[in-house]
Every structure is written in structure tokens, then in C-alpha cells.
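One structure below.
Every number here is computed from the coordinates shown, using simple stated rules; none is lab data. Every value quoted in this text rests on a predicted model; they were computed, and no experiment measured them. Note that each Cβ is placed from the backbone with ideal geometry, even for glycine, and that neighbours are counted across all protein chains shown.
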Amino acid sequence: MKEKITLHANWLIKAPPTEVFNIITDFEKWPEYFPKVAESIQIIRREGNDLEIGATVRSFYQEFPVKMKTRIIPGKGFISDNESLKFGTSGHEELLLSEHPEGTAIDYTYKVAIHKRWLRMVARPLIGWFSMKYWQKAVIDELKKRLER
């Protein structure tokens, strides 16, 4: 049985939701905006708000390819089903934005299935703790630097 881990966090960005949305859904610029997590991103197919994306991402000090089937939710964020054969994971990711009196609330959830046996043995502490700390530093802190005044 594959180990499933749910990663979840909430953050606040002191900027309007439209500004956060415009950056977070501009996937082709993620390597520029978030170089600690995105090496390259290519939109392979786009039909309205549905995208198929080929990406090379960075995590755990490695680069690996990821296939993403992503739906942009106008004004609210995105949901994505992701698969990395090399890293041995697949998952469902949701990054949802909502208005907050101080700016934009970000609600992030990633449900990950672990396919590699060796990774399952260390997955919960390694992926659970490290991933969210890394995501905060690599994405959320970069959003704050770019948007907060």
C-alpha cells in the first residue's frame, strides 16, 4: 500500500488577491519568481483554464521532471494533479486564495502518494516537515518580498 501524506499550511500575504493570483498562476515565470523550486516550466497544452505542464522542479536538493495537469480557478488559485516518476511520487495540489482584512490568505494542501519503498520509510518526517518549511521559504517568502510594501 502506498503511503499517503497530506501537507497543509496557511499563510498571509499583505497584498491584494489579484496581485498574488497573477504571480502564482503565471507558471511559465515560476523559474524567475521561485528559482528554488522551479528550474523550468513549459505549458504543453492549454484549453481555457486547463493546462498540461512539463516542469523540472527542485526539491530535496535534486532536480526532477514533473508532469502536471492543472486547472486555474479564476481569481482563486489553482488545483493540480502532479506525477514524478523519477522521484516516485504523485499527488493532488491545491493553492487557494481568499480575501483577508490584511491582504490575501493562502490555503495550501498537497496530498502525496509515495511510490518508492525506500522513500516511504522516511516519508512522513522528511516530506511532512521539510517540504512545508522549504515551500514557505522558496515560494511564500518570495511572494512577500515581491508584493508586500
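Mind giving me the nanometre distance, one decimal, between the label points for Thr109 and Lys137, set 7 Å out from Cα along Cα→Cβ?
My value for the distance between the label points is 2.7 nm.
Would you calculate, for the chain, the mean residue ellipticity at 222 nm contributed by helices, counting each DSSP H stretch of 4 or more residues as -39,500 (n - 2.57) and dividing by all residues, to the nearest 500?
It comes out at -5500 deg cm²/dmol, rounded to the nearest 500.
Of Asp141, Asp50, how do they rank once you tally other Cβ atoms within 10 Å and put the fewest first?
Asp50, Asp141
So what does log10 I(q)/I(0) come out to for the chain at q = 0.11, 0.14 Å⁻¹, using the Debye formula with one equal point on every Cα and no solvent?
-0.40, -0.67
For Arg149, Arg45, Arg71, Arg58, what ranking results if the residue with the fewest other Cβ atoms within 10 Å of its Cβ goes first?
Lowest count first: Arg149, Arg45, Arg71, Arg58.
Do you know the relative contact order of the chain, to the nearest whole percent, from alpha carbon pairs under 8 angstrom that are 6+ apart?
The normalised contact order for the chain reaches 30 percent.
As a footprinting exposure proxy, order Leu147, Leu85 by other Cβ within 10 Å, with the fewest listed first.
Leu85, Leu147
In terms of Cα to Cα distance under 16 Å, which lysines are near enough to Lys67, apart from those fewer than 8 places away along the same chain?
Output for Lys67: Lys86, Lys111.
Leaving out same-chain residues fewer than 8 places away, which aspartates and glutamates sit with a Cα under 12 Å from that of Lys133?
Once the sequence-local aspartates and glutamates are set aside, what remains near Lys133 is Asp141.
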